[in-house]
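Read through the structure below, which is laid out as structure tokens, and then see the notes.
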Amino acid sequence: MTDLADLSIAEAGRQLRAGDITSIDLWEATVTRIAYTEPHLHAFLTVDRDGARAAAHAADAAFKAGEDAGPLQGIPIALKDNMCTKGLATTASSRMLEGWVPPYDGTAVAKLRAGGAVLVGKTNLDEFAMGSSTENSAFGTSRNPWDTNRVPGGSSGGSAGSVAAGAAMGAFGSDTGGSIRQPAALCGVVGMKPTYGLVSRYGLIAFASSLDQIGPFARSVEDAALLLEGVAGHDIHDATSYRGEYPTFSDGLDLGVKGLRVGIVKELMVDAIDSEIRSASRAMADKLADAGADVVEVSLPSSEYALSAYYLIAPAECSANLARLDGVRYGNRVPADTTDEMMAKTRAAGFGPEVIRRILLGTYALSAGYYDAFYGQAQRVRTLVRQDFAKAYEHTDVLISPTTPTTAFEIGAKTDDPIAMYYSDVCTIPSNLAGDPSISVPVGLDTQGLPIGFQIMAPALGESTLFRAAAEVERLAEFTARPLLAVSKETV
Amino acid sequence: MAEWEAVIGIETHVELQTKSKMFCGCAVAFGEAPNTNTCPVCLALPGAIPVPNEEAIEGIVKIGTALDSTINKDSLFYRKNYFYPDLPKNYQISQYTFPVCEFGKLDIMVDGEPFTVGITRVHMEEDTGKSRHVGEGGRIHDASHSLLDFNRSGVPLVEVVTEPDIRTAEQARAYGAELQRIVRTLGVSDARLEEGSMRFDANVSVRRGPDAEFGTRTETKNVNSLRSLQRAITFEIDRQIRVLEEGGEIIQETRHWNEGKGVTISMRIKEESEDYRYFQEPDMLPLEIDEEWQQRVKANQPELPAQKRARYVGLGTDTHTAELLADDPALGGLFDEAVGAGADAKQAGIWLTQEVVAYLRREEKTLSATALSAEHVAELATMVAAGDLSSTASKDVLNGVLAGEGTPREIAESRDLIQISDSGFLDTEVDAVIADNAGAFEKLVAGDMKMIGFFVGQVMKRTGGKADPRLVSEMVRTKVQG
Amino acid sequence: MPVDIDIAKVAHLARIDLSAEELAQYGAQLSVILEYAERVSSLPTEGVEPTSHPLPATNAFRPDVVTPSLTNEEALAMAPEAEDGYFRVPRILGEP
């Protein structure tokens, strides 16, 4: 019999509604899984046992009363610890916010609660979502369930790992330059970054406001679509929230790719991408063609500058976004004789090295005399990247590429080389700059037994097409492997 | 060598009296308990982001339109980055390039001379919180610690920046006063200087004559009345001239107006120019104030103070009365209604700005707390014009009306103040007096015009003071000529 | 081309109190990263408008409606120091 913790959200939903299982059953399976995976993974910073149990009871009561708030009712879901949760500590993995309890729920969190979701707890991340491995967390590195000597990716490494290990049925993270798709690829799960503005950013601790998006982690494409539907929609609290209509994402997952125009991105299939990953991507492209897609090669010529542009834009925005962390109104304070000293000492002690690096980088890029050469130029390159995409979409419906240049790397392998670490996001960043939706779907394992992610990109608000293509990739990949940790507790 | 000339530019911050703050739903309120009108957005809690208040944008468009500005169709918010404990985000959402309004002007009158002040820009931003310095008399440098209240944090703030067109402290004051009238007329702000909902910073420099290069300027802050604006600028001009004449140098710096001592004091010398690292606010979309929006604001613009003053003068008031009426919306409103109801404008203006204002001051009342209506003023004016009431008696009656004793006629009758202006009756009285005082009348006929007063006095005596003295005087003159 | 950075000034602007040693270390790292980031300048961008924002929309407003604020207790709940309903901080030197 399948462990309930390994059910898909869609299947669990069917069984809940059929009365075969209860939400408490799901919660107990989840909390049992957490108990034996967590010592190896450290995916969570907080597990809200009491809150989750109460939510599971409430979901069961609702089912009993015939009330159905939607597909997430009664489903155990984990949240990246940069999403504000009222009454539950939210730290963004920073010493600065250790013990901070928000007095409010972010909009996505509020929607999940209203939808009857069982919020399991808060997952580990790179401090303020800056990193690609969770090694920048102030509260310890999370580990990859496929190999606990390796990183789960980042910054949403805890969310990715928890879903891969069955410690949550779904999770949410945030993606600024690949922080959902890259860890999803490294942990062998589906990870999706929606169109900028589709999910409210209110209550998401900001890294780079013009790039940040909340998105789901799941073990299937269908689950990812259901999770996204649970949080998407216009929000009066976010001026950049999308105001128009959009279709239901989970419809049309069975439509296949016949006639779909698919472009494989030339610049993301270069030598710098691990050859096994390139082969897997090429193989999937061929399978898509066999399934009836019209696969062509496309070029995004500016994309090789995207990483450079990103490492000016994101730090610039973060240098202002993180300025509010000053020890005045909340957070940890280092005492000093004057407020100015207090602020400077508090920030030096509260931020980790990567955060300091990026704040300094962004401050410099915005400062007088350098603005135009750095920040201004990066914004113009951003325009070129967008124009490249627009041109490619004139004759394609979706674009495909590897999600990451490597599979999961060993802990410590890149900590001394920021540029090498930054390169982890080379395939994912262009979609953030463009504001377009993008998804990573696991398509196989490399020779070391580590998952390989395959990325699909679509134009803004092209989520339906994106999910439709992703569902076909999922069928074609027949990726059924699970990390050992999730399969048997006896073996760990 | 040419005479010294001052070059002055004024930056004015105006808090808009919207119901809620600029970027969140907290109430805009003055004088409430500390930190009771705050939320995640205006406390800058992690994760909170701003959404602009439409009414505040409407407010700045109103101000820009009243100042004859170009309203930019496309306008952007920026982050102005600097660390200060009263600024929760440690950046202020403001505007930089592409403010809402540019290239405006404001016409003012100084000593009867028209003068135009160019408006460089009018932009939208947010206010900071307030800090209180504790210990050692509350002075910032001697304080032991400070206390922060964020109720004001995020209140919509409009900054109006002038060109360096102003040359005298009097012009600066007149500009400040006129700007205050305008924002009050528009109903966008109560513009109370003493409460800080309107604040001036004065940039002052001096030079040798109008053709010389601009001198180094100082910026004077903490000016919280129109009078101190004028005093501070006067002080600063004199100080700079003195320094320069003594061979010294003016340092570019911020100075603080000390009201008690009547001096400006150096706050600090800017070591280097501030590096605010402005960049476009990514949490906000661009503003688009299209033609339709601009036209709607223009069409709904209330009568501005200058227009109102001109209209009042056109109706017959003198310039000073027109200013007083235009400055007080309650008085001005009553004036308009009274004139509409048929009152003589000149007479009504004088009553309202003199008798009524004196009464209100004496009784410490507002106009609306009195019984005075436009109909009363019109009735009173009609009675005076008809000669039923003397000018002197009209003031008594007016005070009675203000005190709620009744209508002007009721009061005039009950106080027995109605004048006799029945010419048939008065003619008989005049004849009787002339008959009784033939000697005096001869003197008058001989050309001693002083005797007119004697005859009028006699008639007044006979009628118990109720005759219309003007009419009697005219009658006596007619008799002399006859 | 190595990038020259006045790292002490940048750290001051960012209000991060770093030792001389840390400054030197961050300065060197930033120089390397900026050298990489400077690749953006090799792309010709004459006449290209900067993108600040991925959404092609304008005028996202909220109506002028008062919504509940936090209570004073909620506002101060996470304050490092509070006094009489205020946030308390050490002496403030200078004006903004």
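Brief remarks on what is shown
- Meets criteria (surrounded by fewer than 14 Cβ atoms within 10 Å (Cβ to Cβ), in a strand (DSSP E or B) and at pLDDT below 95) for B:Ile251: no
- Of the residues screened, C:Ile5 is one that is open to solvent by less than 50 Å² (accessible area, probe 1.4 Å) and either in contact with a Leu (Cβ under 8 Å, 6 or more places away or on another chain) or more than 7 Å from every other protein chain (Cβ to nearest Cβ) (or both).
- Any pair with Cβ under 7 angstrom, 6 or more apart, that starts in the range B:74-97 at a residue that is at the interface with another protein chain (Cβ under 7 Å from one of its Cβ atoms) and ends at one that is of a type in the set (Lys, Arg): B:Asn81/B:Arg277; B:Phe83/C:Arg15; B:Pro88/A:Arg324; B:Pro88/A:Arg329; B:Lys89/A:Arg324; B:Asn90/A:Arg324; B:Tyr91/B:Arg79; B:Tyr91/B:Lys80
- Condition met for B:Ala56 (more than 14 Å from chain A (Cβ to nearest Cβ), under 30 Å from the mean Cα position of the chain (by Cα) and of a type in the set (A, V, I, L, M, F, W, C)): no
- In the range A:375-486, counting only helices (runs of 4 or more DSSP H) that sit wholly within it, the ones holding 2 or more residues that are over 19 Å from A:Gly256 (Cβ atoms) span A:377-392, A:418-422, A:429-434.
- Qualifying residue in the range B:13-26 (condition: part of a loop (DSSP other than H, G, I, E, B), under 30 Å from C:Val10 (Cβ atoms), out of contact with any helix residue (DSSP H, G or I) (no Cβ under 7 Å at 6 or more places or on another chain) and within 13 Å of chain C (Cβ to nearest Cβ)): yes
- Condition check for B:Ser131: within 14 Å of chain A (Cβ to nearest Cβ), open to solvent by 10 Å² or more (accessible area, probe 1.4 Å) and not in a loop (DSSP other than H, G, I, E, B): yes
- Qualifying residues in the range A:330-341 (those that are free of Cβ contacts under 8 Å to residues at least 24 places away in the same chain and within 9 Å of chain B (Cβ to nearest Cβ)) - the one farthest from C:Arg88 (Cα to Cα): A:Asp340
- Residues of the range C:20-56 satisfying the condition of being of a type in the set (Gly, Ala, Ser), open to solvent by less than 50 Å² (accessible area, probe 1.4 Å) and more than 8 Å from chain A (Cβ to nearest Cβ): C:Gly27, C:Ser31
- Remark: pairs (first residue in the range A:106-127, closer than 10 Å to A:Met83 by Cβ; second residue open to solvent by 10 Å² or more (accessible area, probe 1.4 Å) and aliphatic (A, V, I, L, M); Cβ separation under 6 Å; 6+ apart in sequence or on different chains) = A:Lys122/A:Leu45.
- Test for A:Gly87: is it out of contact with any Pro (no Cβ under 6 Å at 6 or more places or on another chain) and open to solvent by 40 Å² or more (accessible area, probe 1.4 Å): yes
- Of all residues in the range A:191-204, those satisfying the criterion of being under 14 Å from the mean Cα position of the chain (by Cα) and either at the interface with chain B (Cβ under 9 Å from one of its Cβ atoms) or not in a strand (DSSP E or B) (or both) are A:Pro194, A:Thr195, A:Tyr196, A:Arg201, A:Leu204.
- Residue match in the range C:82-91 (condition: facing chain A (nearest Cβ under 7 Å) and of a type in the set (Val, Ile, Thr)): yes
- Filtered residue count, the range A:210-260, keeping only those that are in contact (Cβ under 8 Å) with a residue 12 or more places away in the chain, more than 21 Å from A:Met169 (Cα to Cα), open to solvent by less than 60 Å² (accessible area, probe 1.4 Å) and within 14 Å of chain C (Cβ to nearest Cβ): 9
- Here A:Ser93 meets each of (1) under 28 Å from A:Asp251 (Cα atoms); (2) hydroxyl-bearing (Ser, Thr, Tyr); (3) within 23 Å of the chain's Cα centre (by Cα); (4) open to solvent by less than 20 Å² (accessible area, probe 1.4 Å) with one exception, condition (1).
- Scanning the range B:54-80 for residues that are open to solvent by 10 Å² or more (accessible area, probe 1.4 Å) and part of a strand (DSSP E or B) yields a count of 5.
- Of all residues in the range A:298-329 being of a type in the set (Phe, Trp, Tyr) and open to solvent by less than 10 Å² (accessible area, probe 1.4 Å), the one that is farthest from the other protein chains (Cβ to nearest Cβ): A:Tyr310
The values are calculated or read from the model by the stated rules, or taken from the named source; none is laboratory data. This is a predicted model, so every value here is computed, not measured. Every residue, glycine as well, gets a Cβ built from its backbone with ideal geometry; the counts of neighbours run over all protein chains shown. For the accessible areas, the whole protein counts, side chains as well, though only heavy atoms, and no ligand, DNA or RNA atoms are used. Shrake-Rupley method; radii C 1.70, N 1.55, O 1.52, S 1.80 Å.
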